[in-house]
Amino acid sequence: MPLTLLFLVNGWRYPFFEDFHTTALLLTLLIFIETYFLWRYPEIIEDERVATPVADNLQEWIPKLNLFMLEVKPYKKADLTISDLAEMLETKPHILSRIINDAYKKNFRDFVNTYRVEEFIALANTKDYKHYTFLALAQEVGFNSKSTFNLAFKKVTDQNPRDFFKSHETQE
């Protein structure tokens, strides 16, 4: 840069400036052509997704995943991630995510929260946990916060926890 400035100030000839306009014009033309073809033929940049073997053995994964969730209860870990669960199941996170999305039509968070809410309801109906507050019981099953618990509970049962248990007390 300083050398270029020196040439400019003194008026000396420097081949860079003579070729600059030609180079800039060629680069602009190249960008225009690439943009045109990407706009006209968007399939150029679309990647062809190869079907993973998940679809083939999806029916094998559903009972395996359900049994694992019910027996091991990994959802009780508050900071459970899809990577953690995939590691426990000895698979890759993207495969597990696809299984959950395809089989349960849910994302990972909703999938885990469904198990947590079901566990919450089961525990709340036992004598051992009757003295627990809703928040303490929610933390027991893996929820981090009251708001997350309330949102998940409403999403699963279509009622808030208080209304749910009031309606179930009157039915029993």
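For (1) of a type outside the set (Val, Ile, Thr); (2) out of contact with any Pro (no Cβ under 6 Å at 6 or more places or on another chain); (3) assigned to a helix (DSSP H, G or I); (4) under 23 Å from residue 168 (Cα atoms), each residue gets a yes or a no:
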position: 79; (1), (2), (3), (4): yes, yes, no, no
position: 118; (1), (2), (3), (4): yes, yes, yes, yes
position: 132; (1), (2), (3), (4): yes, yes, no, yes
position: 136; (1), (2), (3), (4): yes, yes, yes, yes
position: 139; (1), (2), (3), (4): yes, yes, yes, yes
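Against the definition (assigned by TED's automatic domain parsing to the domain that holds residue 61, of a type in the set (Phe, Trp, Tyr) and at pLDDT 95 or above), how does residue 104 come out, yes or no? Spell out how you get there, then give the answer.
Numbers: assigned by TED's automatic domain parsing to the domain that holds residue 61: yes; of a type in the set (Phe, Trp, Tyr): yes; at pLDDT 95 or above: no.
Considered against the rule, which asks whether it is assigned by TED's automatic domain parsing to the domain that holds residue 61, of a type in the set (Phe, Trp, Tyr) and at pLDDT 95 or above, residue 104 comes out as no.
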Kindly provide the set of residues from the stretch 79-99 that are over 13 Å from the mean Cα position of the chain (by Cα), exposed (fewer than 15 other Cβ atoms within 10 Å of the Cβ) and either of a type in the set (S, T, N, Q) or within 17 Å of residue 115 (Cα to Cα) (or both), ordered by number.
-> 79, 84, 88
Restricting the stretch 100-133 to residues that are among the acidic types (Asp, Glu) and over 18 Å from the mean Cα position of the chain (by Cα), the residue that is surrounded by the most Cβ atoms within 10 Å (Cβ to Cβ) | 119
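The values are calculated or read from the model by the stated rules, or taken from the named source; none is laboratory data. Everything numeric in this text was worked out from a predicted model, so none of it was measured. Neighbour counts are summed over all protein chains in view; Cβ atoms, including those assigned to glycine, are modelled from backbone coordinates with ideal geometry.
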